[in-house]
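To keep things clear, I will list the structure first and then write my remarks on it.
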Amino acid sequence: MLALRWLRGEARRIADRLDPDPAASRWVTEAMRQPVVPVPDCPAELRVWAADMDDQRAARARLKAGVPLTVVVPDTDCRYTLTVRPLHLP
């Protein structure tokens, strides 16, 4: 499904704009990385949703059934909502 692939790309794009992924960055060296206690945050949740194949299978099934898909990820002062609706063409 092209719409689902687009939505995953948008989730990654938003996550990278909010907080670049240090694991994928070329400019962050090992000396700059410090161990941190993992805390759920908006960019991390968007990346996890985009990479989780079980979530993607469930999303694909929803869209094939004609049900809209909405992914809502809260942040400190707002929330990010990604929505895809299937089109019913005659």
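We did not get these values from a lab; they are worked out from the coordinates using the rules stated. Quantities reported herein were computed from a predicted structural model and do not represent experimental measurements.
Using the Karplus curve 6.51 cos²θ - 1.76 cosθ + 1.60 with θ = phi - 60°, what ³J(HN,Hα) values do you get for each residue of the range 74-81, in whole Hz, with x for Gly and Pro?
Here the 3J(HN,Hα) series is x, 10, 4, 10, 7, 9, 9, 10 Hz.
Mind jotting down the distance between the C-alpha centroids of the range 40-68 and the range 1-18, whole Å?
With the range 1-18 and the range 40-68 each reduced to a Cα centre, they are spaced 10 Å.
Short version: ³J(HN,Hα) in whole Hz for each residue of the range 61-68, in order, from phi by Karplus 6.51 cos²θ - 1.76 cosθ + 1.60 (θ = phi - 60°), x for Gly and Pro, what are they?
5, 4, 5, 5, 7, x, 9, x
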